[in-house]
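Read-outs: derived from the displayed coordinates by stated rules, not from any lab. Everything numeric in this text was worked out from a predicted model, so none of it was measured. Every residue, glycine among them, receives a Cβ derived from its backbone with ideal geometry; neighbour counts consider all protein chains shown.
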Amino acid sequence: MAAGNTSKRKRPSVSTGRKQAHGKARCLRILRQLSAYIDDELSGNICQEIRRHLGTCPNCETFVTSLRQTVSLCRHSPSPTLSAASRTLMRKTILETTQAR
Amino acid sequence: MNTPSTAQRQPGRASARTHSAKDFEALYRDHVDLMYRFAHRLCGEAEAAKDLVQETFLNAYRGLDRFRGDAQISTWLYTIASRACLRMRRKRKGAPERELSLEEFIPTSDGEFRLQIPIDGLSPEAALHNKQLREALDTAIDQLPKKYKMVLVLRDMEGVSAKEVGTIMGLNERAVKSRLHRARLFVRRQLSARGLGEPLTDHNHTPVRERRTVSHGSR
């Protein structure tokens with residue numbers, strides 16, 4: 001979808017020293033779209049192109065795995081919970097504050 | 001709550017207040033846990049989270065009559081909480097506000113591409129039983145500049161849609177997705193680089209970049 005199409009035609013500049021150090025323009029173009037890829041927001045063509053690339057580039061494959069794991073860890077991180085006592089106390093404080101004004 | 005004496009003194013105002021108070025009771029009962037979870041994830045600790053929840057519900061109470069139901073009530077509360085969070089200047093050390101540029105996350109070496117998160121094939125739930133990993137995740141999120149943290153928390157932890165995050169933060173969807181991508185890349189790098197595991201070393205590249213990454217992660 002939109003996220004993918006926007007950068008479809010952009011060629012990453014290879015003028016900086018850092019990028020030249022790696023020099024894999026395709027990897028960089030794909031890395032820019034990996035969140036959209038993980039979230040299944042890209043068009044079929046772009047997804048296919050990315051899958052094809054991942055199949056032949058172990059570096060990007062590892063990168064996308066670690067990014068997926070990151071998102072997955074965030075999604076499963078434990079939920080902080082409020083004690084019943086704190087819930088009651090906060091309610092009381094809020095109501096007292098509103099009435100004091 | 002309104003006392004009977006208040007009602008007797010100012011009947012008209014008091015009935016409006018009672019109405020608000022009733023609505024507020026339901027609002028608080030149904031959403032306090034959601035807001036606390038959100039606040040705790042944003043603030044990283046209980047006391048600041050409670051302050052934020054109180055501030056959120058105080059503002060919600062005052063604005064309850066103006067809430068027209070155009071948005072979901074949870075979206076409205078998330079919006080109030082996000083604004084309150086941006087205003088809150090607590091003594092706590094927050095990450096400095098700065099823009100995260102995509103460039104800083106682009107690997108320059110094979111080694112950086114291959115940085116791994118040491119979860120050893122475990123499910124995320126099982127992996128998060130590891131205290132070290134859980135703390136590393138919390139620290140990484142805490143180190144995000146606020147506006148990136150909010151997007152990541154809302155989208156990847158609270159499960160709010162990108163469109164709704166846009167409504168909450170006053171951004172278009174494209175901006176939400178761009179911030180989300182950078183926030184995820186930041187957390188990935190922090191988790192991969194904290195020495196939790198042994199990132200594969202790159203035989204072709206200097207260790208300079210690697211040292212930089214590690215020191216960044218252990219701030």
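Some notes on this structure:
- Across segment A:62-75, rounded Karplus estimates of 3J(HN,Hα) from the backbone phi angles (6.51 cos²θ - 1.76 cosθ + 1.60, θ = phi - 60°) give 5, 4, 5, 4, 5, 5, 4, 4, 4, 5, 5, 5, 4, 5 Hz, Gly and Pro being marked x.
- Applying a DSSP loop filter and a limit of 14 other Cβ atoms within 10 Å to the trypsin sites (Lys or Arg not before Pro) in segment B:95-183 leaves B:98.
- Over 19 Å (Cα to Cα) - which of B:22/B:163; B:146/B:177; B:50/B:163; A:92/B:22 fall in this group: B:22/B:163; B:50/B:163
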